[in-house]
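Heads up: the structure comes next, in structure tokens.
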């Protein structure tokens, strides 16, 4: 049986890394790599390794988040997601939620957020006050603001759309491109359950939204509705 340690996860990733894949993997990092390093493991190859380590203890996941390597932190995010989805009494959801928030500085790219936020953050808050999401939405860190939106996917799946539209309205004039893309994608998804609420949101917020967010949000609307809302966008 594969050892459930951070060292073993890293060793498994190192065993399949390739210099030829470095540039392709690095392009997923939105704001430039900075101090982040890339091993050269395609994200699709990271997930099976993460799944094989679903039993990794929280302190070992924490160790993975310390890594300077993007793929190692992606493995940590995926392991958190796999653990949060487990339908067992031993599901460490509260601990995963606390770890996610306390180490959010290491979850510093759109796909790291998107992998873990719905089931780690959204699921945890499903039967609790949603105030932490509004705190995240007020953060100066764009990845925390993206978490505030992305976490609501768990609610959307259950037909609860309030937080998605409310948080996206609060962030409608956000300057960060990946926050704007999250708005567009998530209100589009929520709009599949309630088209009238989507159109009300767009009517109220379109002057503050980026053109990209409006384009994404209106993808499922009629040709006439797309033309109407996209023509009203005042942002580039």
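Taking every DSSP helix (H) stretch of at least 4 residues in the chain, weighting each as -39,500 (n - 2.57) and dividing the sum by the residue count yields a mean residue ellipticity at 222 nm of -17000 deg cm²/dmol. Computed from the Cα positions only, the extents of the chain along the three principal axes stand at 56, 43, 30 Å, in decreasing order. Scoring 76-88, 140-152 by mean Cβ neighbours within 10 Å over their residues and listing the highest first yields 140-152, 76-88. Placing one equal scatterer on every Cα of the range 129-236 and applying the Debye formula, the log10 ratio I(q)/I(0) at q = 0.21, 0.22 Å⁻¹ is -1.04, -1.14. Of 185, 210, 139, which has the largest mean-square fluctuation in a 10 Å C-alpha GNM of the chain? Among 185, 210, 139, the largest GNM mean-square fluctuation belongs to 139. Using the Cβ-Cβ distance between residue 18 and residue 58 with R0 = 25 Å, the FRET efficiency computed as 1/(1 + (r/R0)^6) comes to roughly 0.25. In plain terms, the chain from residue 87 to residue 204 could stretch by 38.2 nm, reckoned as 0.36 nm per residue minus the Cα-Cα distance.
Between residue 212 and residue 94, the FRET efficiency estimated from the beta carbon spacing at R0 = 41 angstrom works out to 0.70.
For the range 184-236 and the range 13-88, compute the distance between their C-alpha centroids and round to whole Å. Using only Cα atoms to place each centre, the spacing works out to 34 Å. Contact order, relative form, for the chain: 12 percent (alpha carbon pairs under 8 Å, 6 or more residues apart, mean separation divided by residue count).
No lab work stands behind these numbers, since they all come straight from the coordinates. Bear in mind that the values here come from a model prediction, so they are computed numbers and not experimental data. When we count neighbours, we look across all protein chains shown, and the Cβ atoms used for this are built from the backbone with ideal geometry, even at glycine.
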